Amino acid sequence: MAKLIDGKRISQEIKDELKAEVAALAQQGKTASLAVVQVGADPASSVYVRNKKNACAYIGIGSESYELPEETTEEELLALIQELNQKEEVHGILVQLPLPAHIDEEKVILAIDPSKDVDGFHPQSAGALMIGSKGFLPCTPAGVIQLMKRSGVEMEGKNCVIVGRSNIVGKPMAMLMLRENATVTVTHSRTKNLKEVCKQADILIVAIGKPKFINEEYVKEGAVVIDVGIHRLEGKKLCGDVDFDAVEPHVSAITPVPGGVGPMTIAMLMDNCVETMR
Ligand code: GUN
């Protein structure tokens with residue numbers, strides 16, 4: 001039986017640690033506040049935004065939300081970001097993605113002051129991660145590292161295969177695993193012999209956005225499998241990029257969906273917000 005890596009429990013543990021830290025920092029007169037910006041009313045984004053605001057309230061971080069209509073222009077959004085950059089009471093800025101098609105996401109990310117970039121998406125944050133200097137870490141990959149550290153998964157010297165090369169997960173995940181002294185391979189849609197490459201992995205991290213794509217043919221006996229995907233199947237059931245039932249009997253540890261990586265993203269966002277106070 002594989003060990004279940006419990007993201008719900010670990011994220012709660014992190015939030016409780018942060019709550020205590022925020023209370024102690026408040027004694028020194030320090031506060032933090034997050035501005036959450038959503039453009040349009042995508043239902044999944046609305047759920048994420050609500051969860052982020054609830055997490056702020058739980059930990060003791062202030063939050064202000066900006067819910068802008070779908071028709072908001074790029075100029076209007078950039079003007080709001082400039083205002084938030086200058087606002088001293090705002091310590092972190094989060095613009096929920098995806099943005100409507102008429103807004104250039106790259107321009108918006110670039111406009112955020114790197115000292116308030118709690119998502120870790122600004123090129124300055126990405127560059128800092130690459131060269132190992134101080135900067136905000138992107139929340140999902142940072143959450144995956146915490147999941148493994150707090151579940152006793154040894155990373156040093158291990159073969160880690162990452163499936164997916166997005167700027168939000170795959171690429172920063174590779175940098176963070178390198179920092180942990182793993183040997184890292186990044187695979188993607190053009191990778192030849194994907195099954196064989198994945199079968200070499202001691203640690204397989206999957207972020208490709210395809211429901212149940214990874215089955216037992218992709219995993220080595222005893223590997224650790226981390227599933228970053230989340231999909232809603234017909235009938236409303238959630239699943240990941242990994243076919244859990246097929247893979248679970250073969251591995252030593254695996255993250256479930258839901259309750260694996262998902263809750264960690266918000267916990268690490270909260271950690272970045274608290275970082276602005278430290
Ligand atoms: N959309 C999906 N994931 C994320 C995230 O981590 N941050 C933001 N801002 N938008 C997202």
Near residue 237, which lysines are there with a Cα under 19 Å away, not counting those fewer than 8 places off in the same chain?
8, 210, 212
Given a Förster distance of 45 Å, report the FRET efficiency between residue 88 and residue 236 from their Cβ-Cβ distance, rounded to the nearest 0.05.
0.55
Please report, in Å, the Rg and the Dmax of the chain, where both are computed over Cα atoms only.
18.9, 56
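Suppose we keep just the DSSP beta bridges with both residues in the chain; what percent of those would be antiparallel, to 5?
If I count the DSSP bridges inside the chain, around 5 percent turn out antiparallel.
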How high is the relative contact order of the chain, in percent, with contacts defined as C-alpha pairs under 8 Å that are six or more residues apart?
23
What Rg and what Dmax come out for region 86-230 when only alpha-carbon atoms are used, in angstroms?
16.5, 53
Radius 15 Å from Cβ of residue 131, net charge of other residues (Lys, Arg +1; Asp, Glu -1)
+3
With +1 at each Lys and Arg Cβ and -1 at each Asp and Glu Cβ, the charge dipole magnitude of the chain around its Cα centre, to the nearest 20 debye, comes out at 800
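For a footprinting-style exposure proxy, rank 136, 213, 244, 121 by other Cβ within 10 Å, fewest first. Show your work: numbers first, answer last.
Details: 136 28, 213 16, 244 19, 121 23.
By the 10 Å Cβ count, ascending: 213, 244, 121, 136.
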The answer for the net charge of residues other than residue 156 whose Cβ lies under 14 angstrom from its Cβ, with Lys and Arg +1 and Asp and Glu -1, is 0
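Can you pick out the pairs among 134/158; 30/87; 116/171; 149/236; 52/116; 52/192 whose Cα atoms lie more than 27 Å from each other?
With Cα atoms farther than 27 Å apart: 149/236; 52/192.
Taking each pair of different alpha-carbon atoms in region 146-278 once, compute 1/r for the pair, average those values, and report the inverse of that mean as the Kirkwood hydrodynamic radius in Å to one decimal. Before the final figure, lay out each step's value.
Details: mean 1/r = 0.0660 Å⁻¹.
By the Kirkwood definition, the hydrodynamic radius is 15.2 Å.
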Just report the Cα centroid separation between region 46-94 and region 113-142, whole Å.
18
Mean projected area, convex hull of alpha-carbon positions in region 45-163, reported to one decimal in nm², is 9.5
Could you check which residue among 18, 204, 80 shows the biggest mean-square fluctuation in a GNM of the chain with a 10 Å Cα cutoff?
80
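Normalising by the residue count of region 158-278, find the relative contact order in percent from Cα pairs under 8 Å and 6+ residues apart.
Details: 232 pairs, mean separation 25.0, N = 121.
Computed over region 158-278, the figure is 21 percent.
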Report the convex hull volume per residue for region 207-270, counting only C-alpha atoms, in Å³.
87
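Can you put 218, 66, 58 in order, fewest other beta carbons within 10 Å first?
The most exposed by this proxy come first: 58, 66, 218.
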Please check: in the Gaussian network model of the chain (C-alpha springs, under 10 Å), which one of 37, 184, 47 has the largest mean-square fluctuation.
47
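Values quoted throughout were computed directly from the atomic coordinates according to the rules given, and no laboratory measurement underlies them. Keep in mind that this is a model prediction, so the values were computed, not measured. Cβ coordinates were reconstructed from backbone atoms using ideal geometry, including for glycine residues, and neighbour counts include every protein chain displayed.
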